[in-house]
Each structure stands twice: as C-alpha cells, then as structure tokens.
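Below is one structure, written out as structure tokens; the observations come after it.
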Amino acid sequence: PRQTRRDERAALAESLSAPLSVDDALDSGAELVYSRHGLPREVLRKLRRGHWAIEDQLDLHGMNRVQAADAVSEFLRRCLQRRLRCVRIGHGKGLGSHNREPVLKVKLRKWLLREEVLAYCQAPAAWGGSGALLVLLKSR
C-alpha cells in the first residue's frame, strides 16, 4: 500500500509537469518507446491514449534483474497463450535502487525485443507514468 501511494503521488507530480501532448512526448525522446519496423506511428499514439484495454499486468517492484527477466519472459508467454493484446508492465522509477536509477526500465528495452512485441510506450500518468510500460502484443 505504501508503494502504491508513492507511485500515485509520483504519477500526479509527473502529470503536472508532463509534455502537453502525446506527440510532444513521443518526439522528445525522453520516453521509453518502441514500434516494430513498418508499424504506423499512429499505433504508438493509440497505445499511449488507451485505445486497447489493458488485459493483464505485471509488477516488477522488489525484484532483482534475474527475477525480473524471468518474470517478464513467463508473463509474455502466458499472455500469448491467453491471446492477450495489450498489457502493462510496472518496472518502477528506480527510487529504491543504487544511485536511484531505473535499472529494470533500462533492462526492459532488451527484454522486450521479442517477435511477439509490436510496440511499447510509457504508460499515462494515471497508469504508472515513467514507472510503467504499455505493451502491444501480436494478435494471432
């Protein structure tokens, strides 16, 4: 509960200082953003705006790198089996790590380079902001 409250306070503070539009955020390069080559840019805009409902989520808070890598791999495997399209992965902002750096956020960039991942972007402030990603998976 305390972590949730801290995340919500951080998300509120971030929303008050966030870029004015989704396009500004995508263009700034400050977000963790990816889309598969050839995928229209509009897909990222739709993902960021909540066009797809979040069907499941994974919280990596409190995990080390090895635990988090395994959890992400298993989570994506199960999501594919269940034919889910849009999921959220909460990686945190690194406030509890050495030098207060977002270690798992950086690692996710590599872990999500998988065939089943079409795109991902930073979650809107209400869903975790810079401490979470929305991930769009291939549909079968």
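Yes/no per residue for (1) open to solvent by less than 50 Å² (accessible area, probe 1.4 Å); (2) at pLDDT 90 or above; (3) of a type outside the set (Val, Ile, Thr):
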position: ARG77; (1), (2), (3): no, yes, yes
position: LEU80; (1), (2), (3): yes, yes, yes
position: LYS105; (1), (2), (3): yes, no, yes
position: ALA126; (1), (2), (3): no, no, yes
position: ARG140; (1), (2), (3): no, no, yes
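Just give me the residues in the range 1-34 being buried (at least 17 other Cβ atoms within 10 Å of the Cβ), at pLDDT 80 or above and part of a helix (DSSP H, G or I), in sequence order.
Within the range 1-34, just ASP7 meets the criteria.
Here is a yes/no grid of residues against (1) open to solvent by 70 Å² or more (accessible area, probe 1.4 Å); (2) at pLDDT below 95:
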residue	(1), (2)
VAL43	no, yes
ARG48	no, yes
HIS51	yes, yes
LEU58	no, no
LEU84	no, no
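The values are calculated or read from the model by the stated rules, or taken from the named source; none is laboratory data. Not measured: the values here are computed from a predicted model. We place every Cβ from the backbone using ideal geometry, glycine too, and count neighbours over all the protein chains shown. Each accessible area value is taken on the protein alone, full model and side chains, heavy atoms only, with ligands, DNA and RNA left out. Shrake-Rupley method; radii C 1.70, N 1.55, O 1.52, S 1.80 Å.
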